[in-house]
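Student: I'd like to ask some things about the structure below.
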Amino acid sequence: MILKNEKGISVRIWSNRIVLFLLMLSGLFYLYTAAMGQWGVTRQRGILLTLCIIAVFMVTNPTQKLSSRFSFLWDFFLSLLTVAAYIPALLYDLTGESRAILGPSNYEIIGGGVFILILIEASRRSIGLPFIFLCIGGLIFCKWGNLISKIIPPQGGGWASIIDYINYSGYGIYGSPLYVAATIVVVLVIFGGLLKNAGGNTLFNDLPNTLFGTSRGGPAKAAVVGSSIMGMLTGSPAANVATVGVFTIPMMKNAGYSPKFAAAIETAASVGGQIMPPIMGAVAFIMADILQISYWQVAVAAFLPACLYYLCLFLQVDIHATKIGLRGVPRSQLPPLKKTVIRSLPMTIPIGALIFFLGVARVTPQKAGLMAIIGLGIASWFYKESRLTFKRFYLGLVDGMKTMIQIAIACAAAGIVLASIDLTGVGVTISSTLIDLSGGSLILLTVLVAVSSIILGTGLSTTPCYLLLAFVCAPALIKMGVPPMSAHLFILYYGCLSQLSPPEGLAGYTAAGIAGTNVFAAMLLSCRIAIIGFIVPFFFIFNNNLLLQGPLMNIIISTFFAVVGVMALSVALEGYGLGRVGVTERIFIGICGIALIAPTSLTVNLTCLFVFILIVYWRKLLRFVKRKEGGVYE
């Protein structure tokens with residue numbers, strides 16, 4: 001029996017290597033299409049999806065309940081079935097015109113049905129149960145939704161028409177989400193994998209530690225900066241916590257932060273990477289495609305709210321360190337500043353190239369990603385230990401394609417949900433219901449959409465979460481007159497915040513596990529630390545200046561008061577300014593902070609600014625007066 005298990009394990013190892021090699025080849029293929037142009041719809045998107053499904057079965061999440069030999073045989077069978085079920089879609093891509101005349105064949109319907117079931121199983125393994133319930137629920141609604149509600153139209157063709165639409169219409173599995181994943185996202189994710197293997201850790205870890213390590217709360221500040229950079233590349237807060245948190249959380253604990261605070265900071269910083277340009281965990285490119293605008297418009301609009309979010313985190317880390325008396329790490333225990341800065345400079349070349357080609361040259365995102373990879377190849381040769389050798393290039397491609405596994409499957413599975421929404425009109429129904437419940441009040445509608453986004457986003461990674469909310473919740477806001485950009489950023493924020501919100505915040509669970517602290521307590525603290533993320537979206541719904549839209553002077557004024565408002569909120573949340581701040585004072589400072597960020601009048605802003613400064617300096621002012629009078633103030 002032992003020999004059989006060992007043989008089964010040996011076969012699994014070799015099959016894993018083969019699959020990883022195929023993923024590497026597919027990475028090269030997508031770099032080629034980024035340079036030379038994409039192939040047909042189903043070929044460009046289906047090759048990626050098929051390989052990613054096989055990788056889920058054979059590499060990342062194989063069957064665990066069976067013995068090693070039967071586990072391998074079952075997963076190998078599912079992999080072969082995946083290829084067989086993909087062939088009808090591939091043939092349709094090659095012979096679409098004749099097929100359109102003759103209609104779907106039985107072979108195509110059977111293959112399409114099997115492929116849907118395989119995709120659902122792959123989604124269960126890679127994403128989790130919550131999204132599977134949505135996929136299955138969508139299919140059930142397509143078939144029997146008219147029995148539940150008269151609003152949902154019956155599907156006259158039965159399962160055949162449903163399978164045909166989901167597989168072959170271009171609006172289901174192979175729709176817009178998978179298109180963005182197979183053209184834009186894959187190149188940028190490969191870039192992230194190559195950057196990681198070519199000395200990127202110097203930029204993500206060593207440089208933040210060197211820059212902030214000696215300041216009070218330095219390790220936590222370095223964690224905020226490093227996690228934000230890594231978070232925008234990974235596209236998964238939980239994955240980012242698991243990757244970066246194993247270094248940053250122990251480092252914060254050793255510096256004197258409590259395990260609960262360390263877990264909360266890492267969670268909030270990792271979640272924030274999904275809203276931070278230029279990459280935003282790849283969501284920026286999907287949002288641009290849905291809104292039919294340029295990527296750069298999304299990145300510019302998302303910039304200031306994301307900066308306010310991280311400013312709030314950074315200030316709370318600093319104030320908390322002051323409150324509990326933490327000091328920085330001695331310079332002797334950190335990497336040399338000059339050497340680290342010099343070694344980090346080459347790594348700015350590829351990131352600078354990405355931003356330049358996206359924002360200035362305005363080439364396609366996939367071409368910009370390709371130029372960033374070329375820039376990385378040049379930058380890596382400045383130092384011997386970071387050179388992008390063949391081995392590192394291979395490892396980078398494989399790392400990038402591993403990251404793409406969940407993204408591609410999530411986008412394809414989201415196609416099932418979106419096709420179901422399109423066929424049944426459930427999206428319109430939900431939007432109309434939210435508007436009816438709000439009674440026509442935009443303020444109440446934003447609250448309902450925020451709560452719905454957090455609930456629907458529970459348990460989902462960023463990409464499937466945004467795709468679901470974009471077609472279910474965002475239309476309600478747009479119907480009430482909210483600009484599409486504001487509406488989509490609004491639902492993105494609250495969808496991402498579900499990652500740290502109890503009871504099912506995946507990033508929060510991961511961070512608490514690493515820190516060895518109470519999960520629920522750490523989640524509540526992370527919500528408090530990330531409070532600005534819950535507040536700002538309400539205000540950019542009513543104030544486009546926070547999205548850098550409008551007259552320049554209005555943008556400057558709004559930005560100034562928003563920054564001061566974040567400072568006030570940070571003081572109120574930590575209960576410490578120039579000294580301890582009482583409960584009543586914290587309440588007043590918090591109100592002033594919210595009012596400063598909100599779209600209020602200049603008079604209100606100036607009044608709140610005066611009150612904030614007065615409360616913070618109140619004790620110092622009293623000491624000064626008492627000293628003048630010859631008394632003593634305690």
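The values are calculated or read from the model by the stated rules, or taken from the named source; none is laboratory data. What you see is a predicted model, and the numbers here were worked out from it, not measured in a lab. We place every Cβ from the backbone using ideal geometry, glycine too, and count neighbours over all the protein chains shown.
Student: In the stretch 486-502, which residue that is touching a residue at least 40 places away in the same chain (Cβ under 8 Å) and of a type outside the set (A, V, I, L, M, F, W, C) is farthest from Ile275 (Cα to Cα)?
Tutor: Once the filter is applied, the top-ranked residue is Ser501.
Student: Which condition from (1) among the hydrophobic types (A, V, I, L, M, F, W, C); (2) buried (at least 23 other Cβ atoms within 10 Å of the Cβ); (3) over 17 Å from Ser176 (Cβ atoms); (4) in contact (Cβ under 8 Å) with a residue 40 or more places away in the chain is the one that Val283 breaks?
Tutor: (3)
Student: Let me ask something else about it. Residue under question is Cys592, and the condition is that it be within 31 Å of the chain's Cα centre (by Cα), outside any loop (DSSP other than H, G, I, E, B), surrounded by 19 or more Cβ atoms within 10 Å (Cβ to Cβ) and not hydroxyl-bearing (Ser, Thr, Tyr); does it hold? Before the answer, list the steps.
Tutor: Numbers: within 31 Å of the chain's Cα centre (by Cα): yes; outside any loop (DSSP other than H, G, I, E, B): yes; surrounded by 19 or more Cβ atoms within 10 Å (Cβ to Cβ): yes; not hydroxyl-bearing (Ser, Thr, Tyr): yes.
Yes: the conditions hold for Cys592.
Student: Here is a further query. If Met523 satisfies all but one of (1) under 28 Å from Val298 (Cβ atoms); (2) in contact with a Pro (Cβ under 7 Å, 6 or more places away or on another chain); (3) in contact (Cβ under 8 Å) with a residue 60 or more places away in the chain, what's the number of the condition it fails?
Tutor: (1)
Student: Further question: Could you grab me the full set of residues in the stretch 308-352 that are charged (D, E, K, R) and in contact (Cβ under 8 Å) with a residue 12 or more places away in the chain? Before you say what the answer is, go through the steps one by one.
Tutor: Step one: of the stretch 308-352, the residues charged (D, E, K, R) are 318, 323, 327, 331, 338-339, 343.
Once the filter is applied, which keeps residues that are charged (D, E, K, R) and in contact (Cβ under 8 Å) with a residue 12 or more places away in the chain, the stretch 308-352 yields Asp318, Lys323, Arg327, Arg331, Arg343.
Student: Among (1) over 22 Å from Ile286 (Cβ atoms); (2) among the aliphatic types (A, V, I, L, M); (3) at pLDDT 80 or above; (4) surrounded by 23 or more Cβ atoms within 10 Å (Cβ to Cβ), which single condition is Val225 missing?
Tutor: The failed condition is (4).
Student: Here's a follow-up. List pairs: first residue in the stretch 562-584 and of a type outside the set (Asp, Glu), second residue part of a loop (DSSP other than H, G, I, E, B) and modelled with pLDDT of 85 or more anywhere in the structure, Cβ distance under 7 angstrom, at least six positions apart or on different chains.
Tutor: Taking only residues 6 or more apart or on different chains, the pairs are Val581/Gly575.
Student: Still on this structure: Could you please give the count of residues in the stretch 252-295 that are of a type in the set (D, E, K, R) and under 22 Å from Ala361 (Cβ atoms)? Explain how you work it out, then say what you get.
Tutor: First, the residues of the stretch 252-295 that are of a type in the set (D, E, K, R): 253, 260, 266, 289.
Applying the additional criterion that residues be under 22 Å from Ala361 (Cβ atoms) yields 289.
Final tally of qualifying residues: 1.
Student: Same structure, new question: Quick one: would you say Ile529 is modelled with pLDDT of 85 or more, farther than 27 Å from Ser570 by Cβ and not acidic (Asp, Glu)? Please lay out each step first, then the result.
Tutor: Details: modelled with pLDDT of 85 or more: yes; farther than 27 Å from Ser570 by Cβ: no; not acidic (Asp, Glu): yes.
For Ile529, the condition - modelled with pLDDT of 85 or more, farther than 27 Å from Ser570 by Cβ and not acidic (Asp, Glu) - is not met.
Let's see how each residue does on (1) part of a helix (DSSP H, G or I); (2) modelled with pLDDT of 90 or more; (3) of a type in the set (Asp, Glu); (4) surrounded by fewer than 16 Cβ atoms within 10 Å (Cβ to Cβ):
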{"position": "Leu49", "(1), (2), (3), (4)": "yes, yes, no, no"}
{"position": "Thr82", "(1), (2), (3), (4)": "yes, yes, no, no"}
{"position": "Tyr86", "(1), (2), (3), (4)": "yes, yes, no, no"}
{"position": "Glu97", "(1), (2), (3), (4)": "yes, no, yes, yes"}
{"position": "Tyr107", "(1), (2), (3), (4)": "yes, no, no, yes"}
{"position": "Ile116", "(1), (2), (3), (4)": "yes, yes, no, no"}
{"position": "Ile120", "(1), (2), (3), (4)": "yes, yes, no, no"}
{"position": "Cys135", "(1), (2), (3), (4)": "yes, no, no, no"}
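Student: Taking the options Gly377, Gly369, name whichever one is surrounded by fewer than 18 Cβ atoms within 10 Å (Cβ to Cβ) and of a type outside the set (Val, Ile, Thr).
Tutor: On the way: Gly369 fails: surrounded by fewer than 18 Cβ atoms within 10 Å (Cβ to Cβ).
On inspection, the qualifying residue turns out to be Gly377.
Student: Name, by its number, the condition in (1) under 30 Å from Ile373 (Cβ atoms); (2) of a type outside the set (S, T, N, Q); (3) modelled with pLDDT under 85; (4) not in a helix (DSSP H, G or I) that does not hold for Tyr174.
Tutor: Condition (3) is where Tyr174 drops out.
Student: Continuing with this model, one more query. Output the residues belonging to the stretch 463-484 that are buried (at least 19 other Cβ atoms within 10 Å of the Cβ) and not in a helix (DSSP H, G or I). So that I can check it myself, show each step before the final result.
Tutor: Of all residues in the stretch 463-484, those buried (at least 19 other Cβ atoms within 10 Å of the Cβ) come to 463-477, 480, 482.
Residues satisfying the conditions are Cys473, Met480, Val482.
Student: Against the conditions (1) farther than 18 Å from Ser526 by Cα; (2) hydrophobic (A, V, I, L, M, F, W, C); (3) at pLDDT 75 or above, where does Met230 fall short? Just the number, please.
Tutor: With respect to (1) farther than 18 Å from Ser526 by Cα; (2) hydrophobic (A, V, I, L, M, F, W, C); (3) at pLDDT 75 or above, Met230 is out only on (3).
Student: Search the stretch 397-411 for residues being of a type in the set (Val, Ile, Thr) and at pLDDT below 85, and hand back the single one that is surrounded by the fewest Cβ atoms within 10 Å (Cβ to Cβ). Lay out the reasoning, then the answer.
Tutor: Taking the stretch 397-411 and keeping what is of a type in the set (Val, Ile, Thr), we get 398, 403, 405, 407, 409.
This time we only want the ones that are at pLDDT below 85, so: 403, 407.
Values: Thr403: 23, Ile407: 30.
Among residues in the stretch 397-411 that are of a type in the set (Val, Ile, Thr) and at pLDDT below 85, the one surrounded by the fewest Cβ atoms within 10 Å (Cβ to Cβ) is Thr403.
Student: Can you tell me which residue is farthest from Ser294 (Cα to Cα) among those in the stretch 334-365 that are touching a Gly at 6+ places or on another chain (Cβ under 6 Å) and not β-branched (Val, Ile, Thr)?
Tutor: Step one: filter the stretch 334-365 for residues touching a Gly at 6+ places or on another chain (Cβ under 6 Å), giving 334, 349-350, 353.
Remaining after also requiring not β-branched (Val, Ile, Thr): 334, 350, 353.
Details: Leu334: 42, Pro350: 21, Ala353: 18 Å.
Ranking the qualifying residues of the stretch 334-365, first place goes to Leu334.
Student: Right, something else. Among the residues of the stretch 258-299, which ones are over 12 Å from the mean Cα position of the chain (by Cα), assigned to a loop (DSSP other than H, G, I, E, B) and among the aliphatic types (A, V, I, L, M)?
Tutor: Ile293
Student: Are any of the residues in the stretch 184-197 of a type in the set (D, E, K, R) and modelled with pLDDT of 85 or more?
Tutor: Just the residues of the stretch 184-197 that are of a type in the set (D, E, K, R), to begin with: 196.
Still in the list and also modelled with pLDDT of 85 or more: none.
There is no residue in the stretch 184-197 that is of a type in the set (D, E, K, R) and modelled with pLDDT of 85 or more.
Student: In the stretch 554-581, which residues are in a helix (DSSP H, G or I), farther than 12 Å from Gly593 by Cβ and aliphatic (A, V, I, L, M)?
Tutor: Selection gives Ile555, Ile556, Ile557.
Student: So, one more: Looking at (1) under 27 Å from Pro537 (Cα atoms); (2) part of a helix (DSSP H, G or I), which one does Thr210 not meet, given that it meets all the others?
Tutor: (1)
Student: While we're on this one: Restricting the search to the stretch 435-462, which residues are hydroxyl-bearing (Ser, Thr, Tyr), outside any helix (DSSP H, G or I) and more than 24 Å from the chain's Cα centre (by Cα)? Talk me through it step by step, then tell me what you get.
Tutor: Filtering the stretch 435-462 down to residues hydroxyl-bearing (Ser, Thr, Tyr) leaves 438, 441, 446, 452-453, 458, 461-462.
When the remaining residues are screened for being outside any helix (DSSP H, G or I), the result is 441, 458, 461.
Correct list: Ser441 only.
Student: Okay, next question. With the condition kept exactly as written, say whether any residue in the stretch 497-506 is modelled with pLDDT of 90 or more and assigned by TED's automatic domain parsing to the domain that holds Asn240.
Tutor: Restricting attention to the stretch 497-506, the residues satisfying the condition of being modelled with pLDDT of 90 or more are none.
For the stretch 497-506, residues modelled with pLDDT of 90 or more and assigned by TED's automatic domain parsing to the domain that holds Asn240: absent.
Student: While we're on this one: May I ask you to list the residues in the stretch 51-80 that are within 29 Å of the chain's Cα centre (by Cα) and surrounded by 18 or more Cβ atoms within 10 Å (Cβ to Cβ)? It would help to see each step written out before you state the result.
Tutor: Taking the stretch 51-80 and keeping what is within 29 Å of the chain's Cα centre (by Cα), we get 51-64, 79.
Scanning the stretch 51-80 gives Leu51, Cys52, Ile53, Ile54, Ala55, Val56, Phe57, Met58, Val59, Pro62, Ser79.
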